[in-house]
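The values are calculated or read from the model by the stated rules, or taken from the named source; none is laboratory data. Note that this is a predicted model, so its numbers are computed, not measured. Here the Cβ positions follow ideal geometry from the backbone for every residue, glycine too, while neighbour counts run over all protein chains shown. All accessible areas refer to the heavy atoms of the entire protein, side chains included, with ligands and DNA or RNA removed. Shrake-Rupley method; radii C 1.70, N 1.55, O 1.52, S 1.80 Å.
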Amino acid sequence: MRSLLAFCFCALVRLGVLLILCWTYSGVMAAEPVDLGSEEPLEEQAASDALWLKVAAPYIDVYTGPGQGYPVSQVVEKGDLFYVLRQRTDWLRIQFLRGASLHEAKRAMAETGWIPATSLKHVTTATGEALTWSRRGADSFYARRWEFGLGTGSLRGGSVLSVNGAWSFTPNLSLEADIGQSLGRYAENDWLAWRLVHHPYPNWRYTPYLGVGWGTFHTKPKTTLATTEDRTDDFWQVAVGVKSHLWRGVLVRVDYQHNAIFTSRKNNEFVGMWRVGFGYFF
């Protein structure tokens, strides 16, 4: 029981740190000409008219920080120009100018502040063209490169807790790392696995996937009989599952894995495991 609690605590702490880092630095998926990637001096970035945006609404509140808890320090009014410096969760840091023409904006001293990303619905390009934008969601799910998650399920009748991470190096292929623990009635099991995953239809709302993996499987029997001993064996696995976008940067996944454990005894073991879990992607 203590080992399970310790594992759960460590897994949750690590997942929490990863989620905080991902949430802090992942971007709102805005269409060009908005660049959310850097925060260089304004004069160095204003190399193109397309980088500037114009307020189309009567006004937009500008906050001192990235959140509703910060006070509104000032507003940008209709016709004012601004440039997006960077993003934090659903907030954008901007540099803005009051009533300046685009030619003057490139040489003027700009003020800075924060606006909610939803404010992009009320702006145009500097030349008056409509701005197309979308919040972090389904589009970024299909274009995700990194993924971290936590899952639970059943193995040999015991409860499972696992942590996984994945890197997508093409739209259809990703490499996953998986570490987990299962507590059964007769034994405790720990494993570390690597898995190559194929997504045949990456743009589907419910994305199926197939995986082939390998790793090490450690078994610690709970019985006190002299004939039992701890053992560590190699194993191969095949997996089938489905993922779906749930909300913003969160996904849900369900899978089944069939594992072939190559033991040092006469007979190899074949065990199945099912899991359901949540993950964060960016």
Report task. Please report, as a whole percent, how much of the solvent-accessible surface of region 159-221 comes from carbon and sulfur atoms (probe radius 1.4 Å). Result -> 69 percent
Query - Distant-in-sequence amide H partners of residue 52 (H built 1.01 Å from N, under 5 Å) - result: 126
Report summary line: If amide H atoms are modeled at 1.01 Å from N in the peptide plane, then the residues at a separation of 5 or more from residue 92, or on another chain, having amide H under 5 Å from its own are 115, 117
Report task. Report, to two decimal places, the Cα Rg of region 178-269 normalised by 2.2 N^0.38 Å (N = number of residues). Result -> 1.35
Query - Per-residue ³J(HN,Hα) for region 181-195, Karplus 6.51 cos²θ - 1.76 cosθ + 1.60, θ = phi - 60°, Hz, x for Gly and Pro - result: 9, 10, 10, x, 5, 10, 7, 9, 10, 10, 8, 9, 9, 10, 9
Query raised in the report: Given 0.36 nm per residue, what is the gain on full extension from residue 266 to residue 98 after removing their alpha carbon distance, in nm?
Result: 52.5 nm
Report summary line: If amide H atoms are modeled at 1.01 Å from N in the peptide plane, then the residues at a separation of 5 or more from residue 184, or on another chain, having amide H under 5 Å from its own are 189
Query raised in the report: To the nearest 0.05, what FRET efficiency results for residue 78 and residue 247 with a Förster distance of 30 Å applied to their C-beta separation?
Result: 0.35
Report task. Whole number in Å², please: accessible area per residue of region 228-270, 1.4 Å probe, ligands, DNA and RNA not counted. Result -> 58 Å²
Report task. Go through region 140-148 residue by residue and turn each phi into a ³J(HN,Hα) via Karplus (6.51, -1.76, 1.60, θ = phi - 60°); whole Hz please, and just put x for glycine and proline. Result -> 6, 4, 5, 9, 5, 10, 10, 8, 9
Query raised in the report: Can you pull out the trypsin sites (Lys or Arg not before Pro) in region 187-282 that DSSP calls coil and that have at most 16 other Cβ atoms within 10 Å?
Result: 205, 222, 265, 266
**Report entry** Inter-site label distance for residue 236 and residue 173 at 7 Å from Cα along Cβ, in nm
**Finding:** 1.8 nm
